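The values are calculated or read from the model by the stated rules, or taken from the named source; none is laboratory data. Quick caveat: nothing in here was measured; it's all calculated off a predicted structure. Don't worry about glycine lacking a Cβ; one is built from the backbone with ideal geometry, like all the others, and counts go over all protein chains shown. Each accessible area value is taken on the protein alone, full model and side chains, heavy atoms only, with ligands, DNA and RNA left out. Shrake-Rupley method; radii C 1.70, N 1.55, O 1.52, S 1.80 Å.
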Amino acid sequence: MRLDLNSRLEEHLFYILAGIGGLVTAVGLVAALYMEHSGHVVTGMNNQVVWGIPHVFAIFLIVAASGVLNVASIGSVFGKTVYKTRAPLSGLLAIAMLAAGLAVIMLDLGRADRLVVAMTHFNPTSVFGWNVILYPGFFAIVGLYLWTLMDRKMNPYYKPAGFAAFIWRLLLTTGTGSIFGFLVARQAYQSAMIAPMFIIMSFAWGLAAFLIVQKSMFMWNDIQLHPQIRSRMKNLLGTFVAAVFYFVMVYHLTNIYFAKQTAFEEFILLSGGIYPTLFWGGYVFLGTLVPLLILFVPDLAKIRGSVFIAASFVLIGAFSLLYVFIIGGQVYPLEIFPGMDVTSSFFDGQIDTYVPSLPEILLGLGGFGIAFTATVIGVRVLKFLPQDDIHKLESAGHMLD
């Protein structure tokens, strides 16, 4: 009788969660249709700021989708048994988040049907053209990887499939970072640091997203994560967060070293209003220092739920950093003639402004609705819940390797 009651409660909770996710997705779709019908005038974008807040959501989802698959790679490529049980959930999240991110980008462009042109007329000299291959390839390889994990007949092939998924996700994140790294028409971009920086950002943000989903699933099923596994995963998250901070600092120090970038760095780090506030307050303080303190100060790390809180702060820092990087990089004008003042009727040489509109925000949230709904349904239909055989791991010595 008690089992039947629990089963009914879980079923009702599933429908509630799926309904919430579906509603958020529907609101995002309506916002996209409204912007497509009304045009750019109802958004905060203009001729200079052509990537708005939806692109912040989309780039986060795409980068985190690549990074969340790293959890599976640690198990299959590097042989860490503790992470192997998390590989199916890792693959599911990777597919769901990438699909959500691409959906937001396509709907934000206004003419999603033009994707057919990019798919049928491949341009090998364009970074965007490369991504037309990298994104579908990611779906195919991760789908095959999940098949090798879920089907016993395919289990002998899970290591080669995992290795292929690991290599492909590195290529995908490199391609995403190269969109900015190869872009010469923006003062903030065009740097060889951006591609590797995006890779390490994917490690941190993907793991943070995974830990939040894992904690939520364990709470849903009344399961406690083993302390040793929790300790290992929190230390890994802290290492990735510190590595992201290192790369971001090197990126900005490199820009400061070059005279042509000094004015931009002064704007983005000191005088740019909302952008220095988000960088120092949102990313450095809330997204880096606070999580590192929570994760590595013993008294704080022992508190129940502290890893979940730290991961949440990491994601707050991720959005802050991306907003500064994407939006701040566009509002600052390209310095075509260093040392000269450039003025025209087209606002050349002028710092622009951008205020996100409600439809843009709703479209971005709709992407999260897609990822959330797909994850909830996937976890319900298939066995994606990580289940650790602690006694088996301890006897084999895997808890300490």
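So the values come out like this:
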| item | result |
| --- | --- |
| Residues that are over 12 Å from LEU149 (Cα atoms) and in contact (Cβ under 8 Å) with a residue 24 or more places away in the chain, drawn from segment 82-102 | VAL82, LEU93, ALA94, ILE95, ALA96, MET97, LEU98, ALA99, ALA100, GLY101, LEU102 |
| Residue in segment 261-277 that is modelled with the lowest pLDDT, counting only those that are more than 16 Å from TYR251 (Cβ to Cβ) and buried (at least 16 other Cβ atoms within 10 Å of the Cβ) | GLY272 |
| So ILE59, is it within 17 Å of LEU171 (Cβ to Cβ) and open to solvent by 20 Å² or more (accessible area, probe 1.4 Å) | no |
| Count - residues of segment 90-111 that are over 16 Å from PHE203 (Cα atoms) and open to solvent by less than 10 Å² (accessible area, probe 1.4 Å) | 4 |
| Options PHE210, PHE245; residue that is of a type outside the set (A, V, I, L, M), buried (at least 16 other Cβ atoms within 10 Å of the Cβ), assigned to a helix (DSSP H, G or I) and touching a Ser or Thr at 6+ places or on another chain (Cβ under 6 Å) | PHE245 |
| Any hit, segment 135-153, residues being open to solvent by 50 Å² or more (accessible area, probe 1.4 Å), in contact (Cβ under 8 Å) with a residue 24 or more places away in the chain and closer than 30 Å to LEU385 by Cα | yes |
| Filtered residue count, segment 77-92, keeping only those that are under 18 Å from PHE139 (Cβ atoms) and not aliphatic (A, V, I, L, M) | 3 |
| Elements of type helices (runs of 4 or more DSSP H) contained in segment 288-374, each with 1 or more residues being at pLDDT 95 or above and crowded, with 19+ Cβ neighbours inside 10 Å | 290-296, 306-331 |
| Scan of segment 113-166 for residues that are under 22 Å from ALA96 (Cα atoms) and either outside any helix (DSSP H, G or I) or touching a strand residue (DSSP E or B) at 6+ places or on another chain (Cβ under 7 Å) (or both), ordered by number | ASP151 |
| When residues of segment 46-55 are limited to those that are among the aliphatic types (A, V, I, L, M) and surrounded by fewer than 24 Cβ atoms within 10 Å (Cβ to Cβ), the one farthest from VAL376 (Cα to Cα) | VAL49 |
| Segment 27-44: number of residues that are hydrophobic (A, V, I, L, M, F, W, C), over 15 Å from PHE57 (Cα atoms), touching a residue at least 60 places away in the same chain (Cβ under 8 Å) and open to solvent by 50 Å² or more (accessible area, probe 1.4 Å) | 2 |
| Qualifying residue in segment 136-153 (condition: of a type in the set (Phe, Trp, Tyr) and under 30 Å from VAL30 (Cβ atoms)) | yes |
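Each row is one residue, and each column tells you yes or no for (1) charged (D, E, K, R); (2) open to solvent by 10 Å² or more (accessible area, probe 1.4 Å); (3) free of Cβ contacts under 8 Å to residues at least 60 places away in the same chain.
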site	(1), (2), (3)
LEU171	no, yes, yes
GLY175	no, no, yes
PHE180	no, no, no
GLN187	no, yes, no
GLN190	no, yes, yes
MET201	no, no, no
